[in-house]
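Here's the structure we're looking at; comments come further down.
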Amino acid sequence: METDPQPKPPFSETNAETPEMGGGVPIIEYWAKHTLSPEGPKIWKTLFHHSACLSCSWGTGGQKGGFTNEEGEKLQRCMKSVEAISAEIQPPIPTHFFDTHSIAELKQLSSLEADRLGRLSFPVILRADSAHYERISWDEIYAIATEAFQKHPEQIASYSSGRGSNEAAFLLQLMLRTLGSNNLADCSDLCHAPSTTALQEMFGTKTSMVSLESLKQADCVVLAGAHSSSNHPRLMNELIKLRDRGGQIIVINPVMEVGLVKFGSPAFPVKSLVPGSKIASLYLQPIPGSDVALFIGIQKALIEQDQINYAFLQAHTEGWEAVLEQARSLSWETLTATCGVTQTEIETAATLIGAAKGVVFGWAMGITQHTNGVDNVYSIANTALMTGQIARMGAGLMPVRGHSNVQGFGSMGVTVKLKEEIRQSLEMLLGRSLNLPKGYHTRDLIEAAAAGKVNSLMCVGGNLYGANPDSAQAKRALGNIDTIIYLATKPNIGHFNGLAKVNTIIIPVLNRFENPHKTTVESGNNFVRFNDEGTTHLKNADLISEVEFLTELAHRLLGDYPVEWRKMQDTRYVRHLIAKTIPGYGKIATIDETEEEFTISGRIVTEPPFKTPSGRAKMLTTPLPNLTLPKLTDFGISEPDNSLILALMTGRSYSQHNTVVYKIGDQYRGMPHRHCILLNRGDAEKVNLAEHDRVSVQGDAGKLDNIEVIYGAVRQGAALMFYPEVNVIFKAKTDERSGTPAYKRVPVVIYKEKVRELSGKQ
């Protein structure tokens, strides 16, 4: 008997290519194809290696084993981890590849094609006015790098991703700050910076307050702006178990993702894999960017249903009166018109939250990547506080992070917003003040480079060019930098398009399961995993570890100040420094002896007080966003016929990790290739667009032609296209408090024109 308050989610229009559920048998087929192939032995060896998953921050691994999570549960690997491993165990790029392929040719490669070139196994340089990358010696690399990073501190910078280790991250920030630079941009600036900004102001903490153990005690999860069935598949196991124990899940997403409606998990082969497990009890599809209005609506309904925990508010919060007054004073007409969700649906969500014993609020980039991303997080946290669903087991706030160690990089101090405790510890180590300039986060870095203010840049992983909006601006900005050094395991489109003015160097590094030393990483739920040493499958390769390169460069730049840098190539010494410097990381000092992985102390909040000066959570009102879309004339178009102005969301496909694409299509959304736009049928038919018609999609920075229309379960007024390809059409409109661009609300105009057939359509 159907017990869900919403038996069938709205806007359920899909297409013939969309499966009935996420996960399921196709996952087993994928595993079989890859693990029984010639690469199978390498995959299995890596899967069982004691190192953390390369994919999302919900991954498994470490000392408990490759398939085991922090609670000791087995069968916790997902398809994304196999995709990542398969890419890392590719053969090396042939020795003479760069001799025979010019940079002009390489610029034409897609993300998938660049990744499929193979593993980088020797260092190369592209010199000014050269048409080819060429091999370079380590002596010349260090000579160029040393000269580059001896420039004025405000002219040197780094950019990083979560691919590396805590040890490499700590060394990177220590080296740059010792040199006097605070220009430590990171990929998190482009994704979860609104989460860290808001949580720090409200609670004095920047990360999830919920552990896996705590999540297991919840009986309701609100999952907003996250496509976890694709991007965090292991989280789906916890959602399945929550539904099995009678809990409720409220999904908030403008796109009805089939995997968030029903998902088949291989972790439960009998009850879930084939029949599938229900995920969403209630599926709300707001207008992109309207989440503040939706959550204020939930707050208003909670007030009207007498579900406010006034005792908690009075004892443990400040500013709550204004937040409640805002919810009371805004009319239902205003709220529903702004968010596009009905009053009945909002009231149903409030009823589920009010009836639950423990609610965990989780969110990802559908919440943060807006010009009001910080306000979005405020509104979620306000809702949790109003109901007392925080600071206890089974309840709280849980930003769902993406890359496997992106949170660890922030913990190690790779951020322009350095914690006061870390600053004080570093000052003691340096024996001097660290009163440095503000520093460039990622968007500031691009703007500064565009203005000619950056001379030298080191990219530790990541794809700075590909991850940024306005691809033309990113290319111009990076082209103003004299020296760019990329540390990477595989090529990406940034290595061929994000080129320096004088010297572009690509240094091939060992990945997590190949390092000759032990390392650590941090999960999205504040659990530190310990990675064993490993070896690479690449024969006669000229590779280096990130730790070795950073320590050698630092030694040449700084001698033995403030540490014996070459001694730090033994990562045990780095971990001792981390223990003395990073709050909550004390146990890392003995992890080599104990092999005891641990939850960072002080992060999981199970009772008040909070880490604010008053000990109370600071509640803040959240203004409703202005969601007015431009007019046709704003796009330079005068003819109104057959054109459609929409709010475009950029997103990843099913087989994609950040900017790395493993397959060109998305089977869950029925999108067969990268040059599609997912439209609501009603929107398309308003302007006589049939499915598979070809259109132009134009933003404020450019346009893409020959884009195939795909009907899908996206709410009216919205659309979806794939990142990073679509980045070329829009400029960076950012949340001023966090610097994060609004990737999830890009105003575009769509119009039909006669076009050629899509070249290379598969």
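Take the conditions closer than 27 Å to Q217 by Cβ, among the hydrophobic types (A, V, I, L, M, F, W, C) and either outside any helix (DSSP H, G or I) or within 25 Å of the chain's Cα centre (by Cα) (or both) and apply them to W58. Does it pass? It would help to see each step written out before you state the result.
Details: closer than 27 Å to Q217 by Cβ: yes; among the hydrophobic types (A, V, I, L, M, F, W, C): yes; either outside any helix (DSSP H, G or I) or within 25 Å of the chain's Cα centre (by Cα) (or both): yes.
Judged against the criteria, W58 is a match.
So, restricting to helices (runs of 4 or more DSSP H) that lie completely within segment 328-398, which ones have at least 2 residues that are out of contact with any strand residue (DSSP E or B) (no Cβ under 9 Å at 6 or more places or on another chain)?
332-339, 343-355, 373-386
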Given (1) modelled with pLDDT under 95; (2) of a type in the set (K, R); (3) within 24 Å of the chain's Cα centre (by Cα), number of the condition K686 does not satisfy: (3)
Say we look at segment 70-84 and pick out the residues that are at pLDDT below 75 and of a type in the set (K, R); which of these is nearest to G259 (Cα to Cα)? R77
Which is in a helix (DSSP H, G or I) and closer than 28 Å to K45 by Cα, of E83, E71? E83
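Quick one: in segment 401-449, which of the residues that are of a type in the set (S, T, N, Q) and within 26 Å of the chain's Cα centre (by Cα) is nearest to F170 (Cα to Cα)?
Applying the filter and picking the extreme gives S411.
Just checking, how many residues over segment 419-449 are in a loop (DSSP other than H, G, I, E, B) and either free of Cβ contacts under 8 Å to residues at least 24 places away in the same chain or surrounded by fewer than 20 Cβ atoms within 10 Å (Cβ to Cβ) (or both)?
Looking only at that region, the number is 9.
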Is one or more of the residues making up segment 655-665 out of contact with any Asp or Glu (no Cβ under 7 Å at 6 or more places or on another chain) and surrounded by fewer than 20 Cβ atoms within 10 Å (Cβ to Cβ)? yes
Is it fair to say A488 is of a type outside the set (K, R), out of contact with any Gly (no Cβ under 7 Å at 6 or more places or on another chain) and on the phi < 0 side of the Ramachandran plot? no
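This table checks each residue for (1) out of contact with any Leu (no Cβ under 7 Å at 6 or more places or on another chain); (2) within 21 Å of V502 (Cβ to Cβ); (3) among the polar types (S, T, N, Q).
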site: I390; (1), (2), (3): no, no, no
site: Y440; (1), (2), (3): yes, yes, no
site: G452; (1), (2), (3): yes, yes, no
site: G466; (1), (2), (3): yes, no, no
Residues of segment 502-526 being surrounded by 21 or more Cβ atoms within 10 Å (Cβ to Cβ) and under 29 Å from A477 (Cα atoms), which ones? N503, T504, I505, I506, I507, P508, V509, L510, N511
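With the condition kept exactly as written, say whether any residue in segment 746-758 is farther than 24 Å from S638 by Cβ and in contact with a Lys or Arg (Cβ under 6 Å, 6 or more places away or on another chain).
Taking every residue of segment 746-758 in turn, none turns out to be farther than 24 Å from S638 by Cβ and in contact with a Lys or Arg (Cβ under 6 Å, 6 or more places away or on another chain).
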Evaluate segment 180-201: report whether one residue or more is acidic (D, E), under 30 Å from P437 (Cα atoms) and buried (at least 24 other Cβ atoms within 10 Å of the Cβ). yes
Of (1) more than 28 Å from K703 (Cβ to Cβ); (2) part of a helix (DSSP H, G or I), G452 satisfies all except one. Which? (2)
Is it the case that segment 316-324 has a residue that's aromatic (F, W, Y), closer than 30 Å to S211 by Cβ and buried (at least 23 other Cβ atoms within 10 Å of the Cβ)? no
Mind checking whether some residue in segment 513-523 is of a type in the set (G, A, S) and either at negative phi or in contact with a Lys or Arg (Cβ under 7 Å, 6 or more places away or on another chain) (or both)? yes
Of all residues in segment 632-655, how many are without any contact (Cβ under 8 Å) to a residue 12 or more places away in the chain and of a type in the set (S, T, N, Q)? 2
Among residues of segment 2-43, those that are of a type in the set (A, V, I, L, M, F, W, C) and either on the phi > 0 side of the Ramachandran plot or surrounded by 15 or more Cβ atoms within 10 Å (Cβ to Cβ) (or both), counted: 6
Extreme residue, nearest to M398 (Cα to Cα), among residues of segment 622-632 that are in a loop (DSSP other than H, G, I, E, B) and of a type in the set (A, V, I, L, M, F, W, C): L624
N492 vs. criteria in the same structural domain as E564 (by TED's automatic domain parsing), of a type outside the set (A, V, I, L, M, F, W, C) and either surrounded by 24 or more Cβ atoms within 10 Å (Cβ to Cβ) or within 30 Å of K703 (Cα to Cα) (or both): yes
Given the conditions (1) in a helix (DSSP H, G or I); (2) modelled with pLDDT of 95 or more, every one holds for Q407 apart from (2)
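Yes or no, residue by residue, for (1) hydrophobic (A, V, I, L, M, F, W, C); (2) modelled with pLDDT under 95; (3) over 16 Å from L294 (Cβ atoms):
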residue: D306; (1), (2), (3): no, no, yes
residue: F312; (1), (2), (3): yes, no, yes
residue: S329; (1), (2), (3): no, no, yes
residue: C339; (1), (2), (3): yes, no, no
residue: T344; (1), (2), (3): no, no, no
residue: W363; (1), (2), (3): yes, no, no
residue: D375; (1), (2), (3): no, no, no
residue: T383; (1), (2), (3): no, no, no
residue: G388; (1), (2), (3): no, no, yes
Provide a single number: the residues in segment 33-52 that are under 25 Å from the mean Cα position of the chain (by Cα) and among the β-branched types (V, I, T). 2
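The values are calculated or read from the model by the stated rules, or taken from the named source; none is laboratory data. Only a predicted model underlies this, so the values are computations on that prediction, with no experimental measurement involved. Every residue, glycine among them, receives a Cβ derived from its backbone with ideal geometry; neighbour counts consider all protein chains shown.
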